[in-house]
Amino acid sequence: MYFQACFELLLYLRMDKITARDIQFFINNLVRYGVNLDNGKPLAYKTIRHHLSFVSAIFEYAIKLDMLNYNPCIKVTVPRNIENRAVKGGEKKIYTKEQAKEFLKILSGAPTMFRVYFTLCMFTGCRRGKLLGLEWQDFDYEQLTVRIVRTSNYSKRKGVYTNTPKTEKSNRIIALPPEVLELVKNFKAERDEYARNMGTKWNDTERLFTSTDGRPMHVNTPYGWLKSSAIRTTSRSMGYTPSGISMLQPR
């Protein structure tokens, strides 16, 4: 369900460091760019209110346990409309090569999983469904390639599920630079060690991108992490705020 995306986003932030401004930023971006995965339409006002209520409930529970003494959600509002809301078919900003290089520098301090995700996003041009569907076996370290043979999607009825690309043309082999494959290889070693430490709590999987327990990652998690973590540095360095993952495909 869509609450999972909020939950995974909060996993990467300390609750006592989250401010009303952080949550307002998250809500504003749901209004601007949030999409109903069942019909492709913008998120309804009521749905975004549910997102905020869910986050607020987490803070209220923390206060009840004497972990916090303040709920920043009380200062957050859900706008009825925001200027420049994403419009289907509208023009999208795309990073130049120089901006893409700068973004990769920024990613050097990010958690390895997200660094790998956005690096592959840049060098393959793939959308999130294909990236989240990647498995370790799809990488050929001798031929320096990656195969695109499946997608990971989400719907309210099915939850997270695996599918095949829509067309035969979408099943393709993409060449990758050696340094990108080396990054993937290092991530594999890091993931294997993490899985061993998790023991029976880890759900065995071949997927690169997962939740903290090995289950397939929710489709909104990479975008949520980008907005909550890398966004401030990115906007300062590049002069504007990324509008979404589709921007990370260099010209």
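The values are calculated or read from the model by the stated rules, or taken from the named source; none is laboratory data. Worth saying up front: this structure is predicted, and the values here are computed from it rather than measured. All Cβ positions, even for glycine, are placed from backbone atoms using ideal geometry, and neighbour counts span all protein chains on display.
The figures follow:
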{"quantity": "Within segment 103-123, considering residues that are in a helix (DSSP H, G or I) and of a type in the set (Ser, Thr, Tyr), the one surrounded by the most Cβ atoms within 10 Å (Cβ to Cβ)", "calculated": "TYR117"}
{"quantity": "Residue, modelled with the lowest pLDDT, within segment 11-48, restricted to residues that are among the basic types (Lys, Arg) and closer than 28 Å to ASP213 by Cα", "calculated": "ARG14"}
{"quantity": "Some residue of segment 201-221 being in the same structural domain as VAL149 (by TED's automatic domain parsing), surrounded by fewer than 19 Cβ atoms within 10 Å (Cβ to Cβ) and either at pLDDT below 55 or assigned to a helix (DSSP H, G or I) (or both)", "calculated": "yes"}
{"quantity": "Selection within segment 69-109 - modelled with pLDDT under 85 and under 20 Å from PHE26 (Cβ atoms)", "calculated": "PRO79, ARG80, ASN81, ILE82, GLU83, ASN84, ARG85, ALA86, ILE106"}
{"quantity": "Filtered residues of segment 142-159 (kept if small (Gly, Ala, Ser) and surrounded by 14 or more Cβ atoms within 10 Å (Cβ to Cβ))", "calculated": "SER152"}
{"quantity": "Considering residues of segment 16-65 that are touching a residue at least 60 places away in the same chain (Cβ under 8 Å) and in a helix (DSSP H, G or I) only, the residue farthest from GLY129 (Cα to Cα)", "calculated": "ASP22"}
{"quantity": "Filtered residue count, segment 124-141, keeping only those that are surrounded by 20 or more Cβ atoms within 10 Å (Cβ to Cβ), of a type outside the set (A, V, I, L, M) and part of a helix (DSSP H, G or I)", "calculated": "2"}
